[in-house]
Amino acid sequence: MFFSRKSAARPAAILGLAADRATPVTASEALERHFADHYEALFRFLRSCGAADPLAEDLSQESFLRLHQHLAEGRPEHNIRAWLFRVAYRLWIDRWRVSQRETPVQEGAWDLWSQVLRDPRPGAEQELLARERQEWLRAALLRLSQLERQALHLRADGLKYREIAEVLGISYWRVVEAVRRALDVLGEEAHGQ
């Protein structure tokens, strides 16, 4: 079985995985799913270690071949992603030791490292802004009447005005007016902020 970087971007349907099946039945299907999910990240990791494109592809291929053997032997693994990265890193170290020379750092290494090591969590500034928005929204919602809060909440959940009227047992126009007043109050709070 041979994979290429281009096949990693293929959707699961092209790789032959049934969308209605929650878990693959065979080791080959599991391997295809894991390849689609992890190949690009594994390739980028090997590139960040200093492997050139062809070597990173070879080591990625070898990692997936070893995964195939692992799954075919019926040995379970709870964290396939970590297992693949560990195997790829060990393959890289073995290859490096055989060559007995250091890998030269390429010019774009810093850009590659900054992409690989980027923290997906929001920074302190984003967390502070999100907390301020939550506090503002809580204060603004307290200014609304119970009917306005209920109507606005149901509208935000995607209900139509007629459906909201049925749920709350009020007229259509009363719902329209409650939502309009709620939006006016929130708009005033936003401009006063």
For the pair Ala130 and Glu177, the simple spin-label estimate (label points 7 Å beyond Cα toward Cβ) gives in nm 3.9
Length gained if Arg86 through Leu168 is fully extended, taking 0.36 nm per residue and subtracting the Cα-Cα distance, is 23.8 nm
Quick calc: nm separation of the 7 Å Cα→Cβ label points for Glu189 and Val98 -> 6.5
Packing-ranked peptide list from 172-178, 29-35, 184-190, highest mean Cβ count within 10 angstrom first, is 29-35, 172-178, 184-190
Descending accessible area (1.4 Å probe), largest on the left, turns Ile164, Ile170 into Ile170, Ile164
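The values are calculated or read from the model by the stated rules, or taken from the named source; none is laboratory data. Only a predicted model underlies this, so the values are computations on that prediction, with no experimental measurement involved. Every residue, glycine among them, receives a Cβ derived from its backbone with ideal geometry; neighbour counts consider all protein chains shown. In case anyone asks, the SASA skips ligands and DNA or RNA and just uses the protein heavy atoms, side chains included. Shrake-Rupley method; radii C 1.70, N 1.55, O 1.52, S 1.80 Å.
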